[in-house]
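Since the structure comes first, as structure tokens, the remarks are kept for the end.
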Amino acid sequence: MGVASHTDMATPPIHRFGTEAQKQRYLVPAIAGRKIACLGITEPDAGSDVAAIRTRAVRAGDEWVIDGAKTYITNGHRADFIGFVCKTDPDAGHDGISLFLVDMHLPGVVREQRLEKLGMHASDTALLAFDGVRVPAGALLGEAGKGFYNIMWELQGERLIGAAGCVAAAQNAFDKTLLYATERHAFGRQIGRFQALRHKFAEMATEIEAARQLVYATAARFADGEYPVREISMAKLYAARMACAVCDECLQIHGGAGYMKEFGIERTWRDMRLNRIGAGTDEIMLDVIGRSYGL
Ligand SMILES: Cc1cc2nc3c(=O)[nH]c(=O)nc-3n(C[C@H](O)[C@H](O)[C@H](O)COP(=O)(O)OP(=O)(O)OC[C@H]3O[C@@H](n4cnc5c(N)ncnc54)[C@H](O)[C@@H]3O)c2cc1C
């Protein structure tokens, strides 16, 4: 997830909305692996409701001064810079939000707690404070006041890549479990030959394939320049739920071994759970899909 946050969350907005100077300063070293990026949307009092963020950037001559807090920020402890979402005009609603690129070594940037979590332990997750952080005018990414719309664009790619990751993780868990079911014996036969388990494999394979087709068809449209928000939301919702359900069944098929660290299934089971929360919860996906029908 640490890598995905860098490649598919924090850097695409620079490619799409950045100036040439910003691309040279951030994108080139990020692609080369010399700088690590993170993306700061979520705050202690605002997650799903992005427009409710409180972090402020106030113009002061040639600079902006940033104050506020961000939480659950993947890579927050090791990042060199952050793509930062904040309010530049608190009275303008969705039109009062802007994006910035902020160097993480600037005075006033405080990397507070390293948060402990259920899974995804290879990535760090930070609570960050921004206390009078002064950035130059050139730190503004894209147009002032367009940050909400630009971050919604970013989230479409993030949701799609998350959905693809769910398909991959579910397939990997399936493959490992299929192997285990041919090696493990009970009551004188391979456990995979019990009809109850054979049907579990059949159901899982069907679900994985359905999610894969939805993700691939949607990704092809996105790559062709379409902006299929409804289908991206469907793919994210469906693939995340599918991956959680498949990993749960795979753990069950492993029996006690599934609960043990050495088989790796318990890790996938823990890691997958995030996909129903991060980048927009199941409930938010359902809301986006429902609203797309004018409801
Ligand atoms: C491990 C991890 C890594 C993360 N990495 C990042 C990161 O790098 N950058 C970043 O900015 N954020 C990151 N996040 C934050 C993540 O995107 C948010 O946790 C997520 O968007 C949900 O926001 P919230 O936690 O504030 O939940 P809340 O918005 O408080 O939601 C709580 C519950 O209310 C429900 N709810 C809220 N609104 C509605 C509604 N309108 N209708 C129905 N139900 C609703 C939600 O679905 C949820 O069940 C990360 C989170 C985790 C756990």
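The values are calculated or read from the model by the stated rules, or taken from the named source; none is laboratory data. If you're wondering where the values come from, they're calculated on a predicted model, not measured in any experiment. Ideal geometry is used to build each Cβ from the backbone, glycine not excepted, and the neighbour counts take in all protein chains shown. Just the protein is used for accessible areas: all its heavy atoms, side chains included, with ligands, DNA and RNA removed. Shrake-Rupley method; radii C 1.70, N 1.55, O 1.52, S 1.80 Å.
Summary table
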item: Residue that is most open to solvent (accessible area, probe 1.4 Å), among those in the stretch 60-78 that are out of contact with any Pro (no Cβ under 7 Å at 6 or more places or on another chain) and not in a strand (DSSP E or B); result: Arg78
item: Set Leu127, Leu160: member being open to solvent by 10 Å² or more (accessible area, probe 1.4 Å), in a helix (DSSP H, G or I) and under 23 Å from Arg270 (Cα atoms); result: Leu160
item: Extreme residue, modelled with the highest pLDDT, among residues of the stretch 221-252 that are open to solvent by 50 Å² or more (accessible area, probe 1.4 Å) and among the small types (Gly, Ala, Ser); result: Ala245
item: Residues that are open to solvent by 40 Å² or more (accessible area, probe 1.4 Å) and either on the phi > 0 side of the Ramachandran plot or away from the ligand (no atom under 12 Å from the Cβ) (or both), drawn from the stretch 37-59; result: Arg54, Arg56, Val58, Arg59
item: Residue in the stretch 1-26 that is least open to solvent (accessible area, probe 1.4 Å), counting only those that are away from the ligand (no atom under 13 Å from the Cβ) and under 19 Å from the mean Cα position of the chain (by Cα); result: Ile14
item: Condition check for Ala57: in a helix (DSSP H, G or I), under 17 Å from Gly147 (Cβ atoms) and not β-branched (Val, Ile, Thr); result: no
item: Residue within the stretch 108-117 that is in a helix (DSSP H, G or I) and within 15 Å of the ligand (Cβ to nearest atom) present; result: no
